[in-house]
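Only one structure is covered here, and it is reproduced in the block below.
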Amino acid sequence: MDALPRAAPRPHLPAGALGLGALLVLAYGIVPLTGTSYLFEALLTPFLALALAGLGLNLLTGYAGLLSLGSAAFMAVGAYAAFNLSLRLPGLPLPASLLLAGFVAALAGLAAGLPALRLRGFYLAVSTLAVQFFVAWALNRIGWISDDSPSGVITAPRLVVAGLSFDDPRGRYLVSLTVVTLLTLVAWRLVSSPTGRNLVAIRDNETAARLVGVKVARTKLLAFAASSFVIGIAGALWAFAYLRTVEPAGFNLDRSFQILFIVIIGGLGTLRGAFLGAGFIVVLPLLLARLGAALLGDGFDSGTLEMVQRIVLGALIVALLIREPAGLAALLDRAGRRLGRRAA
Amino acid sequence: MSAAPTLLQVEALEVVYGGAVHALHGVDLAVRAGEIVALVGANGAGKTTLLRAVSNLLPALRGQVTAGRLAYDGRDVTRTRTDALVRAGLVGVLEGRHCFRGLSVQENLVAGGLGRGSGRSDVRADLERVYGLFPRLAAKREVAAGLLSGGEQQMAAIGRALMGRPRLLVLDEPSMGLAPRVVEEIYRVLAGLNRAEGLTLLVAEQNVRLALRHAHHAVVLENGRSALAGSAASLRARDDVRSLYLGGAECPEAAAPPEARRRAPA
C-alpha cells in the first residue's frame, strides 16, 4: 500500500488548493484593482501583519504546545532589526533586510527558548514574559537600536523592491501579501514535514515523544526559532508596511496578548486559525465603532469605544471557547460539514 | 539458555526522585537476548521507575540514578540519551498507552519509524508489518489516535515502538485497564514476535499470573529492591510467590482458564 506519503487529510489550508487559488486570485487580482486606500490601510495591511504574527505563534503554541507571552517582543526585535539593517546597510534590498530581520528574531527566539528545556506550561509562559520586559527595556535604554531617537521612535524607510516603489497603500498591501503568502507556504511545509509531526508529538506527550526517539530539546528550540522568525518578519511588516512610525510601546504586553487571542480564537494548531483570528480582531473594532455610532450617535466617543471593545471582545472569547474550544477554524469546519450534509 | 548473551544488565541500581524520595535501592536484573523477562511486584515496588531508568527518562521527570549501572549490549548506558538508545534498538512503551492524540494512527506509527531514523521504504515496510500484526490499526489508520479505544491505543503505542525495530522492547503494564480479550491479543502478538524473530522483551506487569504464563524469567521487586529472580516455572511453583501474588487476591476472572476467558465479553 502506498499510504506513507499520503498523510491524514487534515485541513491545514482552506478548502483545498482550489479555494486557496481563488483566494490568491482575489487577493492579488481583484482587491488591488478595486480596493480603496482605507481598505488597504485600515483593514488589509494590519490584518496581514497580525495574521502572520499569529501564524508564527501558532507554530510554537498551537503545534508544539509551548505557551509564549513574548510575541510582541519578537515582533519588536524583527521591526528594529529591519530598521537597523536598512539604516546601516543602505544598499541592502528590502527582501534581504526582512529575511535577515527574521533571522535576528529567530536568534532572540532561540535564546528565549532555552528555559523551555527545563520549564513547562505556566512557568514557561512566565519566562517568556521576562523576554517581553527585557526587550522593552532594551529598546528604551540602548540608544543605537533606535538610532538615538528620543523615546525610541523610528520611522520606516521607503518600501522599494528592485527599483519599484511600493510606498503607496496598495503597494504596501502587495508587499505584505507577498511576504505572508510565502511564509504561510513555508509554515505549511514545516508542519506537514516529519519535524512538524514531532512538534505535535511533543505537545501531545513529551515523554512518549522522547521514548520514540524524538530529539526533544532540539525540536523545542527549533519551534522557538521558527516561530520567532515568522513573528519577527510580521513585526517588520507591522512597522514598515502598516504603521510607518513605531515606538517601543507599540510592542507591549497588550500586543502579545492580542496575538495570543488571535491564535486561540482562530484555532490552535491550524494554519487557517491565525487568519480567521486576525480577521476577527481587526474587523471587530470597526464593526463596533460603526454600530455604536449608528445606535448612539455622537455620544459614542473613542474612549467609550475602546472600553466597549474590550468588554465585547472578552465576552466573545469566553462564549466562543465554551462553544468551540478549537476556535473559529473548527467552527467553520463544522458549519461546512453541516452544509455539505444538507446539500447531499 | 545461558548461552545467549546478556542484552541488558542492571547492577545495584539506585534511583532518587527530586533529591529526596528513594524509589529504588539496589535492583539487579539481567535480560538475555531472545527471552521474555517479567518484572512483577506490587504498586509502588519500583517497576515503572526501573523501566524509566532503563530508557533514561528520569532526568525529564526530576529523577536521578545515584548508584549502580545499566549496561545495554555490553555498553554502559547509564547516561546515554533516550534517542540514542532508541537508535541502538532499546525502545520503550509507557504505562497507560500514551499515543500522540492529535496525530492519526499512521502518523503515530511513522513517528516511531522516523525516531529510529528509518528511510522512507523501511517505514513503509514496517507499517505493513505492524498493520499485519494489529489488523485493527489498519482499519483505523486515518483516525486521530485520541479517538481510539483503550485497547487500540495500546496497540498503536506498541506498534509505534515496533516501528523503531527494537532489539529489546520494554513495556510498562501493557494489560492495564484493558479487557482480557485485548490483553490476550496483545500478549499473543508479543510472544509471537519473541518466538518468530527473537525479539527480547522486558515487561512490567501487575497481573502476575499473566506475566508468569508468558515469560521465561521473572524478577520480583519489593520496596525498590529485587527480592527474587528465577525462571517463570520455578517462581510459579514457589509457595511464597503463590500466596503473595497468585493467591486469593486475584479476581476470579483472571484466575479462570484461558478458554473461559476468551468467551468473556471484551
message = Using the Karplus curve 6.51 cos²θ - 1.76 cosθ + 1.60 with θ = phi - 60°, what ³J(HN,Hα) values do you get for each residue of the range A:63-68, in whole Hz, with x for Gly and Pro?
response = 8, 8, x, 9, 6, 10
note = Descending packing, highest mean Cβ count within 10 Å first, for A:173-185, A:155-167, B:189-201, A:261-273 is A:261-273, A:173-185, B:189-201, A:155-167
query = Rounded, prolate or oblate: which fits chain A, taking a ≥ b ≥ c as square roots of the Cα gyration tensor eigenvalues, rounded meaning a/c under 1.5, else prolate when a/b beats b/c?
reply = rounded
key: Local net charge near A:ASP167, Cβ-Cβ under 12 Å (Lys/Arg +1, Asp/Glu -1)   = +3
ask   = Gap in Å between the Cα centre of the range A:281-332 and the Cα centre of the range A:116-179?
value = 27 Å
For the protein assembly as shown, calculated [θ]222 nm from helices alone, where every DSSP H run of n ≥ 4 adds -39500 (n - 2.57) = -17000 deg cm²/dmol
query = With no solvent and one point per C-alpha, what does the Debye sum give as log10 I(q)/I(0) for the protein assembly as shown at q = 0.08, 0.10, 0.12 Å⁻¹?
reply = -0.67, -0.93, -1.16
Percent RCO, i.e. relative contact order, over chain A, from Cα pairs under 8 Å lying at least 6 residues apart = 30 percent
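Sorted by average packing, counted as other Cβ atoms within 10 angstrom per residue and highest first, what order do B:31-37, B:42-48 take? Write out the running numbers ahead of the final one.
Numbers: B:31-37: 20.9, B:42-48: 18.4.
Top of the packing list down: B:31-37, B:42-48.
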Kyte-Doolittle at least 0.0, axis length at least 27 Å by Cα - qualifying DSSP helices, chain A = A:94-113, A:121-141, A:169-191, A:216-237, A:271-296, A:302-323
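Determine one quarter of the surface area of the Cα convex hull of chain B, which equals its mean projected area, and express it in nm² to one decimal.
Details: hull surface 56.2 nm².
For chain B, averaging the hull's shadow over all directions gives 14.1 nm².
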inquiry  = Can you compute the charge dipole magnitude of the range B:98-165 about its Cα centre, using +1 on each Lys and Arg Cβ and -1 on each Asp and Glu Cβ, nothing else charged? Give it in debye, rounded to the nearest 20.
reply    = 80 debye
note = Mean-square fluctuation maximum in Gaussian network of chain B, Cα pairs under 10 Å, restricted to B:VAL220, B:VAL241, B:VAL130, hits B:VAL241
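Compare A:ARG197, B:ARG87 by solvent-accessible area with a 1.4 Å probe and give them largest first, with all protein chains kept in place.
B:ARG87, A:ARG197
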ask   = How many Cβ atoms of partner chains, on average, are near each residue of B:107-119 if near means within 10 Å of its Cβ?
value = 5
request  = Kindly give the semi-axes, whole Å and largest first, of the ellipsoid equivalent to the range A:192-231, taking each as the square root of 5 times a Cα gyration tensor eigenvalue.
outcome  = 18, 10, 8
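Within 10 Å of each Cβ of B:163-170, how many other protein chain Cβ atoms are there on average?
On the way: counts 2, 3, 0, 0, 0, 0, 0, 1.
Mean number of neighbouring Cβ atoms from other chains: 1.
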Ranked packing of B:222-228, B:105-111, most packed first, by mean Cβ within 10 Å = B:105-111, B:222-228
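Counting only other chains, and only Cβ atoms inside 10 Å, what mean value do you get across the residues of A:194-202?
Numbers: counts 7, 1, 0, 9, 4, 0, 6, 11, 1.
For peptide A:194-202, the averaged partner shielding equals 4.
The values are calculated or read from the model by the stated rules, or taken from the named source; none is laboratory data. Only a predicted model underlies this, so the values are computations on that prediction, with no experimental measurement involved. Because the Cβ atoms are built from the backbone with ideal geometry, glycine has one as well, and the counts that use them run over all protein chains shown. These area figures cover heavy atoms from the full protein model, side chains too; ligands, DNA and RNA do not enter into them. Shrake-Rupley method; radii C 1.70, N 1.55, O 1.52, S 1.80 Å.
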